[in-house]
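> Here it is: the structure, laid out below.
Bear in mind these aren't lab numbers, they're just calculated from the coordinates by the rules spelled out. This one's a predicted model, so the numbers in the text were calculated from it and none came from an experiment. Here the Cβ is made from the backbone with ideal geometry for all residues, glycine too, and neighbour counts use every protein chain on show.
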Amino acid sequence: MSTEFTILGAGVAGLCVASELSKRGASVTMIDPYGGPGPHGCSWWAGGMLAPDCEGETAEPAVVAHGRNAAAWWQDQGVQVTYNGSVVVALSRDTAELQRFQRRTENHVTLDRAGLTELEPQLAERFGTALHMTAEGHVTPRLALTHLRDQLEARGVHVQSQGTPSGQVIDCRGLAAKDALPDLRGVKGEMVILHAPDVSLDRPVRLLHPRFPLYIVPRGDGVFMLGATQIESGERSRATVRSVMELLSAAYALTPAFGEAEILETGVDARPAFPDNMPRIRKKNGVVYVNGLFRHGYLLAPALAVMLADWQLDGKLPEIWHEDHD
């Protein structure tokens with residue numbers, strides 16, 4: 001098996017793969033035209049929620065099973081993981097959505113208004129019932145990415161803006177790999193970062209919505225990340241008025257205190273996905289591709305990195321695989 005690797009792309013997938021391989025003693029080179037993680041990559045704009053139980057509402061069982069190992073992996077890398085669980089609520093008109101969510105998911109506690117008051121007092125002003133997903137956590141994506149980059153640099157692995165690949169090439173370029181993976185598509189996501197010092201939330205909150213999940217993630221110091229739309233589009237630069245209005249309306253629906261928030265930043269990018277929204281490790285024309293993380297980047301990139309390293313260094317075929325390998 002090869003012990004020399006060139007990884008293309010320094011988003012969450014590439015950095016996780018590089019971290020896992022280098023930790024096991026492999027020789028790793030990274031090439032990314034932007035020189036490292038940043039606003040050009042969709043993982044820069046992510047929520048960073050490690051919420052496998054919530055994802056169980058719509059995702060395949062493999063997403064839940066592999067995602068449950070993500071928090072421990074991130075902690076092993078030295079990334080701070082906040083373990084407060086997450087809260088799921090629905091507006092009164094969407095009560096059926098909350099009931100369906102409860103039936104389809106695990107590891108939750110049903111809260112009445114008194115229970116919600118103990119957990120998130122501001123939410124109890126508007127919601128009489130909620131679910132507390134007790135086993136979930138979250139990371140701050142930009143800090144997590146830069147930590148992995150810095151850790152790799154300490155091991156002598158630097159992200160080059162250009163270079164000639166050597167050894168086994170591992171392509172983690174996300175949507176840019178569509179030139180080689182024609183079944184890859186973009187799913188547009190839009191997010192807003194707010195400064196709301198009058199809002200106090202200690203954990204991610206999901207507001208169930210008939211069309212797409214909306215969530216708010218606390219970043220500390222009165223800063224909150226609000227996301228994310230899910231639009232079938234590869235457009236990566238412009239947020240729509242409708243989407244931003246829906247995101248801000250969702251925040252106001254959680255608590256009117258968001259009405260006085262300041263908009264610090266808006267972000268747009270397209271997440272790479274295959275037709276079934278499941279990730280792939282696949283080999284094509286000698287190149288190994290790790291791609292299709294959809295909206296599960298921080299949740300599933302660790303699992304794919306471990307599988308990739310197990311395969312390349314120990315000969316164990318990945319569980320998440322594609323049949324066109326050579």
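> Thinking of segment 1-138 as a set of Cα atoms, what percent of all their pairs are more than 23 Å apart? Don't skip to the answer; put the middle values down first.
Working: 4665 of 9453 pairs.
Counting pairs separated by more than 23 Å, the tail of P(r) holds 49 percent.
> Inverting the mean 1/r over all pairs of different Cα atoms, compute the Kirkwood radius of segment 96-255 and quote it in Å.
Values: mean 1/r = 0.0528 Å⁻¹.
Computed over segment 96-255, the radius equals 18.9 Å.
> Tally Lys and Arg at +1 and Asp and Glu at -1 over the other residues with C-beta under 14 Å from the C-beta of Thr117: what net charge comes out? Walk me through the intermediate numbers first.
Values: positive: Arg113, Arg126; negative: Asp112, Glu118, Glu120, Glu125, Asp202.
Its environment carries a net charge of -3.
> I need the phi-derived Karplus couplings for segment 32-48: 6.51 cos²θ - 1.76 cosθ + 1.60, θ = phi - 60°, integer Hz, Gly and Pro marked x.
9, x, 8, x, x, x, x, x, 6, x, 5, 5, 5, 9, 7, x, x
> By the scheme Lys and Arg +1, Asp and Glu -1, what is the net charge of all other residues having a beta-carbon under 12 Å from that of Leu304? It would help to have the intermediate numbers written out before the result.
Working: positive: Arg280, Arg282; negative: Glu20, Asp310, Glu319.
The answer is -1.
> List the lysines whose Cα lies under 21 Å from the Cα of Lys283, skipping any in the same chain that are fewer than 8 positions away.
Hits, sequence-local ones excluded: Lys178, Lys316.
> Arrange Met225, Met307 by Cβ neighbour counts within 10 Å, fewest through most, would you? Show your work: numbers first, answer last.
Numbers: Met225 26, Met307 22.
Ascending number of Cβ neighbours within 10 Å: Met307, Met225.
> I need the phi-derived Karplus couplings for segment 62-78: 6.51 cos²θ - 1.76 cosθ + 1.60, θ = phi - 60°, integer Hz, Gly and Pro marked x.
5, 5, 5, 4, 6, x, 5, 9, 5, 4, 5, 5, 4, 5, 4, 7, x
> Please compute the alpha carbon radius of gyration of the chain, then divide it by the globular-protein estimate 2.2 N^0.38 Å. Two decimals is fine.
Details: Rg = 19.7 Å, N = 326, 2.2 N^0.38 = 19.8 Å.
That ratio works out to 0.99.
> Calculate how many DSSP beta bridges within the chain are antiparallel, expressed in % of all such bridges and rounded to the nearest 5. Working shown, then result.
Numbers: 41 of 57 bridges.
If I count the DSSP bridges inside the chain, around 70 percent turn out antiparallel.
> Using only the alpha-carbon atoms, what does segment 81-167 span along each of its principal axes? Please give whole angstrom values in decreasing order.
Principal axes ranked by extent give 58, 24, 21 Å for the Cα atoms.
> Just to confirm the number: angle between the C-alpha axis of helix 12-23 and the first principal axis of the chain, 0 to 90 degrees, nearest 10?
Rounded to the nearest ten degrees, it is 50.
> Please list log₁₀ I(q)/I(0) at q = 0.16, 0.17, 0.18 Å⁻¹ for segment 10-74, using the Debye equation with identical point scatterers on the alpha-carbon positions.
Taken in order of the listed q values, log10 I(q)/I(0) reads -0.69, -0.76, -0.83.
> To the nearest 10 degrees, how steep is helix 241-254 against the longest Cα principal axis of the chain, on a 0 to 90 scale?
So the inclination is approximately 50 degrees.
> Give the long-range amide H neighbours of Arg271: residues separated by 5 or more places, or on another chain, with amide H under 5 Å away, using H modelled in the peptide plane at 1.01 Å from N.
Val187, Lys188, Gly189
> Between Lys178 and Ala62, what is the FRET efficiency for a Förster distance of 30 Å, r being their Cβ-Cβ separation, to the nearest 0.05? Please report the intermediate quantities before stating the final value.
Details: r = 23 Å, r/R0 = 0.78.
According to the calculation, E is roughly 0.80.
> With a cut-off of 8 Å between alpha carbons and a minimum separation of six or more residues, what is the relative contact order of the chain in percent?
Relative contact order, the chain: 25 percent.
> Separate question: Treating the angle as unsigned and between 0 and 90°, give the value, to the nearest 10°, between the Cα long axis of helix 141-154 and the longest Cα principal axis of the chain.
30 degrees
> Another question, if that's okay. Could you calculate, for segment 139-207, the ratio of the Cα radius of gyration to the Kirkwood radius, expressed as Rg to Rh? Walk me through the intermediate numbers first.
Values: Rg = 18.2 Å, Rh = 16.7 Å.
That ratio is 1.09, to two decimals.
> Using 0.36 nm times the number of residues separating Ala154 and Ser166, minus their current alpha carbon distance, what extension gain do you get? List each step's numbers first, then the result.
Numbers: separation 12, 0.36 × 12 = 4.32 nm, distance 2.12 nm.
Length gained between Ala154 and Ser166: 2.2 nm.
> Continuing with this model, one more query. Would you work out the charge dipole size for the chain about its Cα centre, treating the Cβ of every Lys and Arg as +1 and the Cβ of every Asp and Glu as -1, and quote it to the nearest 20 debye? Write out the running numbers ahead of the final one.
Details: 30 positive and 39 negative charges, 81 e Å.
Using Cβ point charges on Lys, Arg, Asp and Glu, the chain gives about 400 debye.
> Highest mean first, how do 133-142, 20-29 rank when packing is the count of other Cβ atoms within 10 Å averaged over residues?
Details: 133-142: 21.6, 20-29: 18.9.
Output ranking for 133-142, 20-29: 133-142, 20-29.
> What is the local net charge at Arg100, summed over the other residues whose Cβ is closer than 12 Å to its Cβ (Lys, Arg +1; Asp, Glu -1)? Intermediate values should be presented prior to the final figure.
Details: positive: Arg103, Arg104; negative: Glu57, Asp94, Glu97.
Charge balance in the 12 Å sphere: -1.
> What does the highest-first list of 5-12, 125-132, 50-57 look like by mean Cβ count within 10 Å? Present the calculation step by step, with values, prior to reporting the outcome.
Details: 5-12: 26.5, 125-132: 18.8, 50-57: 23.6.
Packing proxy ranking, top to bottom: 5-12, 50-57, 125-132.
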